[in-house]
Each structure stands twice: as C-alpha cells, then as structure tokens.
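Data block below; observations after.
The values are calculated or read from the model by the stated rules, or taken from the named source; none is laboratory data. Note that the coordinates shown come from a computational prediction; the quantities given were computed from them, not determined experimentally. In this analysis, Cβ positions are derived from the backbone assuming ideal geometry, glycine residues included, and neighbour counts consider all displayed protein chains. For the accessible areas, the whole protein counts, side chains as well, though only heavy atoms, and no ligand, DNA or RNA atoms are used. Shrake-Rupley method; radii C 1.70, N 1.55, O 1.52, S 1.80 Å.
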Amino acid sequence: MDPIIVDPVDLTPLAQALVYGLAAIGPALGIGYLVGKAIESMARQPETAGMLRTTMFLGIAFVEALALFGFVLAFII
Amino acid sequence: MSILAVQAEPGEFPEIRLDDLFEFPAILFDGTVFAFNRMGLLYLLAAGITIALMLGAFLNAKVVPGRFQSAMEAIVELIRNNIVLEVIGPKGLRYVPLLGSMFLFILVGNLFGITPFINMPANGRMAMPAFLAIVTWTVFIAAGIRAHGLRYFKNALIPSGVPLPILFLLVPIELVSTFVVRPLTLAVRLFANMMAGHILLAVAFLATNAFLIDVNAGFTDAHFFVNGALSVMGILTLLGSVALIGFELLVSVLQAYIFTILTAVYIASSVEEAH
C-alpha cells in the first residue's frame, strides 16, 4: 500500500491572519468599554468633556498599541 | 502607475499583489540613495500644498476674512482652542505652528488616497509616519528638558510615592512605554490605517472592474445567468467603493486629528509639573 503523501501547505498566511485577528479581540473590547465609559461620563458632566476626551484618546492610544503590535507581527512572521 | 495596470484575463478576477499597490519604480537617480519615485513626488506635493494653503490664506490676511481664509482660520482655531489650549494649556501656545502644520500636512497626505489620478495616500508607506513620529519624539523630549532640565527623565521614569522594590518593576515599564512604544505606535497607527484603506479601495475598484467589465467582455447567451449574477456583484462593489471613499475621507481626517492630539498629549505630559 502506498504511503499517503500530503502536499506541504504553506500555512503562513493563515498564521498571519490569526495573529492579527486574535490581537484585535482584546483591544476591540477595551476600546469599546473605554469610549462607552467616556461618553457616559461626558453625558453626566458635559463641562468636563474636554478633559475626558484627552484622557480617552490617551487611553485609546495605550490600548490600541496592542492591536498595532499584532498588525506589525502579522507582517514580520 | 495606476492600479488599473494590474491586468487580468477577461472573466478572471485579477491577482492583486501588494507590491503593485505600494512599490513604484524610480523616476530619477535610479540605483542611488537619492532614488526618487512617485512617493517622493507625493511628499513634495503634500508639503507644497500645505505651504500654499497657509500662505494663500494668511499672507494677505484681511480683517474681514473671505471664504477661503475663514475656512483656514477654522482649522487653526481647532488646533489652538480644541487641541492646544485644552490639552497643554496657555503655555503650550508656542506649539500651535508645529501642530497646525503637522495636522495639515498629514491631512493633505492622507487625502491623496482618495484624490482621483493620485490614488495613493502619502502616509501609506512607513517613511513619512516614521519621520513624523521621530519629530514628535524629539519635540516632547526637548519640551520636557526645556521645562525641567535633566530632572525631566527622573519625573518621567520614577513616579513619586512608590516604594523602592516596585520601582525595579516600574522603571523599565515606564522607560519602554514612554520612549519606545509612544513613537512606534504613533507611526504604525497612521501607516496601518492608511495602508488598510488603500488596500480596501484597490480591492473594491478591481472587483468592480472585473465583475462589470472583464466578465461581460466575453458575453454570450450561454452564461447569461452567471454573467447577470456577477454583474449584480459588480454593482454592489461599485456602490461599496463609493461608500468606502466617504469612509476613507473620515479616516483621513480622524487620523490626522488623532496624530496631532496625541502629540499634544505627549508634550503636555512632558511639561506638566511632577506630582
């Protein structure tokens, strides 16, 4: 009986897609929560909106960094 | 070289290679370090348009502004009031020219992505976002040293009121997050958004071209239903590409705004008093 020969498949594209997709899950939840909370606070106290917006953007920058690492990693691997 | 240079057999979806979308042959000085291609031209064009907009609006500024001057004044006011005064405060007014020209330059560069016959965002290659991030990095460190002298590094790295053992953990984290991650994410955020938008637009345009034109080029009655179905897909991608252009307009403005406001936030965190 002939041995079953499996063609070697290049799985790198799949890995790249998975790396980016998985890296985006956490930051997606994080940014959603962060912006939602910021909007809630702005609605409660509109006079603090300026300060909150700045802090929100800073927070988004930190959270989004993780997704961006995934994006870069997808190209590197 | 436009994206339509990607040719396919009639009836087949063209194979899209990323290199076709992002790499351009050199126009001048090919093979040297001064090699000059379409991207270099776009950078010069973006800088020229930014300078022309500013000079055109404010060189002969009128007390009662015309339409163009009031539009430009609205942009400057956005930078001055909504970004600088709110984030840094009155002592940040010296950074208004820097942030304003940064905003305009990034915006013009991004809008090249949806400008007909240019169709390539100037920030869709890593060179310009990386350069702008280095500018931001230099400016916020220089602002910190200006405000606090060398104590700036102590303020940035060592939060007060933290017990010594935790400092061993905290200082490396602060070092990496302030001086490495900040410029890196600034550059990659802008680059990734513009690159993704460029690919999206290219796929939508190529799909429209393939489904509506290439498929129907070899039209026969035998494939009536197949061609009809594919043409419907083509109409959907055509509508989708129009919607995507609107979306890209939004992303262009938003990314320019986010880059500018984050630069302001980083400068503010450098110049504020230690606490």
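Here are some notes:
- Chain-alone versus full-assembly comparison, region A:43-68, residues with accessible loss of at least 30 Å² (1.4 Å probe): A:R53, A:T54, A:F57, A:L58, A:A61, A:F62, A:E64, A:L68
- Estimated from the Cβ-Cβ distance and a Förster radius of 51 angstrom, the FRET efficiency linking B:V232 and B:L157 is about 0.25.
- Environment charge at B:E23 (Cβ cut-off 10 Å; Lys +1, Arg +1, Asp -1, Glu -1): +1
- Neighbours of B:F153 by Cβ distance under 14 Å: Lys/Arg scored +1, Asp/Glu scored -1, total +2.
- Interface A:B - total buried accessible surface [probe 1.4 Å, Å², rounded to 100]: 1300
- Ranked by solvent-accessible area (1.4 Å probe, protein heavy atoms only, all chains present), the residues B:T138, B:T237, B:T260 order from largest to smallest as B:T138, B:T237, B:T260.
- At a probe radius of 1.4 angstrom, the accessible area of region B:76-132 per residue rounds to 42 square angstrom.
- Of all stretches in chain B that contain no chymotrypsin sites (Phe, Trp or Tyr not before Pro) in a DSSP loop with at most 16 other Cβ atoms within 10 Å, the longest one is B:118-218.
- Here the protein assembly as shown is assigned +1 on the Cβ of each Lys and Arg and -1 on the Cβ of each Asp and Glu. Its dipole about the Cα centre then comes out at about 1840 debye.
- Accessible carbon and sulfur surface of the protein assembly as shown relative to its total accessible area, %, 1.4 Å: 72
- For the pair region B:184-246 / region B:127-145, the C-alpha centres are spaced 37 Å from each other.
- Additional length obtainable on full extension of the chain from B:L18 to B:L239, 0.36 nm per residue less Cα span: 77.2 nm
- For region B:83-111, a decrease in accessible area of 30 Å² or greater in the assembled protein chains relative to the isolated chain, with a 1.4 Å probe, applies to B:E86.
- Evaluated at q = 0.09, 0.11, 0.12 Å⁻¹: base-10 log I(q)/I(0), Debye formula over Cα of chain B: -0.58, -0.79, -0.88
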